[in-house]
């Protein structure tokens, strides 16, 4: 299913490994500490022998190890911050790139980078990175166009 979705991505979009997507959107239990409640409830409901066990029981820990789970909504903010930080790091790579035109990139990373540059009023970065991207791609994305138009207006560039 992931491979089918991957084929539908735009040609300019940088591909992302499934493991990387999991790391940004879910948590991984490595077997250390208590079994998270999400995994505990799943295993308790699915396996009779694991019912009514303590979250630190060795049998439960062994079965829960190396499982991915949906984060607690209360911790979603932390997960988003982690994801945004990774996207900004990728954007910094585009910003420092010596290439005249960047052909393969993640539009999501560019959006996050443009927003961060806009927030600190670094309009020159927005204009410089946009110049490295294909014009057609920038013009198709409403958010990128908005950030670019504001940056050009504030810099007095046409």
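Since every read-out is calculated from the coordinates, none of them should be taken as a lab result. Note that the structure is a prediction, hence the values are computed from the model and not measured. Methodologically, a virtual Cβ is constructed for each residue, glycine included, from the backbone with ideal geometry; neighbour enumeration extends over all protein chains shown.
How far apart, in nm, are the 7 Å Cα→Cβ label points at residue 141 and residue 122?
It works out to 1.7 nm between the two label points.
Order the peptides 32-43, 12-23, 55-66 from the highest to the lowest mean number of other Cβ atoms within 10 Å of their residues.
The most tightly packed comes first, giving 32-43, 55-66, 12-23.
Counting every Cα pair in the stretch 17-70, what percent are over 14 Å apart?
Considering the stretch 17-70, 49 percent of its Cα-Cα pairs are separated by more than 14 Å.
Roughly how many whole Å is it from the C-alpha centroid of the stretch 6-25 to that of the stretch 98-156?
So the separation of the two Cα centres works out to 21 Å.
Just need the relative contact order of the chain here, percent rounded to a whole number, with Cα pairs under 8 Å and 6+ apart.
Numbers: 144 pairs, mean separation 32.6, N = 158.
Rounded, it is 21 percent for the chain.
When ranked by the protection proxy of mean other Cβ atoms within 10 Å per residue, highest first, what sequence do the peptides 142-150, 98-106 form?
142-150, 98-106
Please report the relative contact order for the stretch 17-70, taking Cα pairs under 8 Å with a sequence separation of at least 6, and give it as a percent rounded to a whole number.
Once divided by the residue count of the stretch 17-70, the mean separation gives 49 percent.
In the chain, how does Rg compare with the Kirkwood Rh, expressed as the Rg/Rh ratio over alpha carbon atoms?
In the chain, Rg relative to Rh is 1.15.
Helix 107-119 sits at what angle to the longest principal axis of the chain, using alpha carbons and giving 0 to 90 degrees rounded to 10?
The helix 107-119 is inclined about 70 degrees to the chain.
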